[in-house]
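All of the numbers you see were taken from the coordinates with simple rules; none came from a lab. Source: prediction; values computed, not measured. All Cβ positions, glycine included, derive from the backbone under ideal geometry; neighbour counts span all protein chains shown.
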Amino acid sequence: MMSYRRNTVAAQRFAERRRREADAPRLSEQVPGLSSLQLEIEERFGVGGIKHTRRFVIDRAPALFLVPCGDPRCIDGEHDLTASVMQALRAHETSFHGSDDCRGSIGPAPCARVVQFDATAAYRA
């Protein structure tokens, strides 16, 4: 019974994130001239970490950069990179980085995970 509830909660969070992405303005509208964007994301926890790369299809991508917390025990955890990424893209920066602390909690304690990212962007002339 417990694993069914966890799956339901995770599915609800996933559906909510998808809805927010669908409702967000498109990246191509917000940053005309952007031709490519790649984020190298590392989620750090304790002494370990998980790395992955996200490449964006500019014509369809939302101007919303949400990374869910990777800890399955974390409640309401996510990393919203939107403000820092959009600020750099609007300034036509080609390389930039940032970080974000998880805002969720694990039981009574705050989640300790941190996301760090390195971005590479290209623009049409």
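Just name the residue that is nearest to Val114 (Cα to Cα) out of those in the range 49-80 that are surrounded by 14 or more Cβ atoms within 10 Å (Cβ to Cβ) and more than 15 Å from the chain's Cα centre (by Cα).
Of the range 49-80, the ones surrounded by 14 or more Cβ atoms within 10 Å (Cβ to Cβ) are 49, 54, 56, 58, 61-71, 74, 77-80.
Pick out the ones that are also more than 15 Å from the chain's Cα centre (by Cα) and you get 49, 58, 74.
Working: Gly49: 9, Ile58: 26, Cys74: 13 Å.
Top of the filtered list is Gly49.
Sort through Ala91, Ala15, Ala83 and tell me the only one that's within 17 Å of Gln116 (Cβ to Cβ), surrounded by fewer than 16 Cβ atoms within 10 Å (Cβ to Cβ) and out of contact with any Gly (no Cβ under 7 Å at 6 or more places or on another chain). Please lay out each step first, then the result.
Working: Ala91 fails: within 17 Å of Gln116 (Cβ to Cβ); Ala15 fails: within 17 Å of Gln116 (Cβ to Cβ).
Criteria check complete, one pass: Ala83.
With the requirement that a residue be farther than 23 Å from Val57 by Cα, without any contact (Cβ under 8 Å) to a residue 12 or more places away in the chain and among the aliphatic types (A, V, I, L, M), what does the range 75-125 give you?
Across the range 75-125, the qualifying residue is only Ala109.
Run Phe45 past the list (1) farther than 27 Å from Arg26 by Cβ; (2) of a type outside the set (D, E, K, R); (3) touching a Leu at 6+ places or on another chain (Cβ under 7 Å) and report the number of the one that doesn't hold.
Condition (3) is where Phe45 drops out.
Quick check on the range 98-123: of everything there that is farther than 13 Å from Thr53 by Cα and within 12 Å of the chain's Cα centre (by Cα), which residue is surrounded by the most Cβ atoms within 10 Å (Cβ to Cβ)? Can you show your working first?
Applying the first criterion (farther than 13 Å from Thr53 by Cα) to the range 98-123 yields 98-114, 121-123.
If we keep only those that are within 12 Å of the chain's Cα centre (by Cα) too, we end up with 98-102, 114.
Details: Gly98: 18, Ser99: 13, Asp100: 19, Asp101: 13, Cys102: 24, Val114: 15.
That would be Cys102.
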